[in-house]
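Values quoted throughout were computed directly from the atomic coordinates according to the rules given, and no laboratory measurement underlies them. Here the structure is a predicted model, which is why all the values come from computation and not from measurement. Using ideal geometry, Cβ is built from the backbone for each residue, glycine included, and neighbour counts are taken over all protein chains shown.
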Amino acid sequence: MNLDFNQIVPYIPFMLEGIWVTLQFVIISIIFGFILGTGLALLKFTRFKPLHWFVDIYTSIFRGTPLILQLMIIYFAIPQLTGYDIPPFLSAVLAFGLNSSAYVSEIIRAGIQAVDKGQTEAALAMGVPYRSMMKDIILPQALKNILPALMNEFITLTKESAIVSTISYLDLMRRAQVVGADIYRNFEPLIFVGFIYYILVMVLTLIGKLVERRMRVSD
């Protein structure tokens, strides 16, 4: 086995810079996806049927097509139609945020439906406005129930972030490819960034467990 990890040592700082580059768009995508997903989930509980249909179509499209296809459409196809180029960072945030929001909306919807209906009936009987009831009573309880599923979605998003290398965004994966092309060796840089991805996922998993434990204690 002709392995020589010493050759990637000079490139380690370059590859490590990819951690923050990757986390930048992942964090923003998670926030964007969570906010949009929450809004979509709440629309499912309105009495206006066209909004239900819109959410169903939206989630069906983004859950039923590959994420890499959505990224390619935003980065390559939309500029063809509009004549305006979309930067790789913005393309990544839009693709991952829109995709994640479809999954998050279904997770939150299931969490809301899992809350005891007596909570809603009691709030309505006391004259609590619908918006306040959702914000202060229903959503906090739903979030406690769906936290593991949300963390799993965020972890999946972090792992799938590697596909942004296909649009030349200098994330961890792209930097490994650059190093591999420079030294004509791909195994070592890929294994190195693979280890970094693993550490990131383990840290997220640990954070999720700590938050879940804290919320259980607060009960």
Relative contact order, percent, of the stretch 137-218 when contacts are C-alpha pairs under 8 Å separated by at least 6 residues? 31
Rounded to two decimals, what is Rg over Rh for the stretch 145-219 when you use alpha-carbon atoms and the Kirkwood radius? 1.16
Distance between the C-alpha centers of the stretch 77-139 and the stretch 1-73? Whole Å please. 15
So, relative contact order of the chain in percent, Cα under 8 Å, 6 or more apart, is 27
Rank-order 171-178, 201-208 by packing density, defined as the average count of other C-beta atoms within 10 Å over each peptide's residues, highest first. 171-178, 201-208
Once label points are set 7 Å from the Cα along Cα→Cβ at both residue 80 and residue 119, what is their separation, rounded to one decimal in nm? 4.7
Per 0.36 nm of contour for each residue apart, how much would the distance between residue 2 and residue 168 grow if the chain were fully extended, relative to their Cα-Cα spacing? 56.9 nm
Convex hull volume of the stretch 27-145 per residue (C-alpha atoms, cubic angstrom): 120
With the calculation restricted to Cα positions, what are the radius of gyration and Dmax of the chain in angstrom? 21.0, 73
Taking Cα pairs under 8 Å and at least six residues apart, what relative contact order does the stretch 1-109 come out at, in percent? 45
Residue 48-residue 137 FRET efficiency (beta carbon distance; Förster radius 25 Å; 0.05 resolution): 0.65
With a Förster radius of 30 Å, plug the Cβ-Cβ distance of residue 187 and residue 68 into 1/(1 + (r/R0)^6) and report the FRET value to the nearest 0.05. 0.80
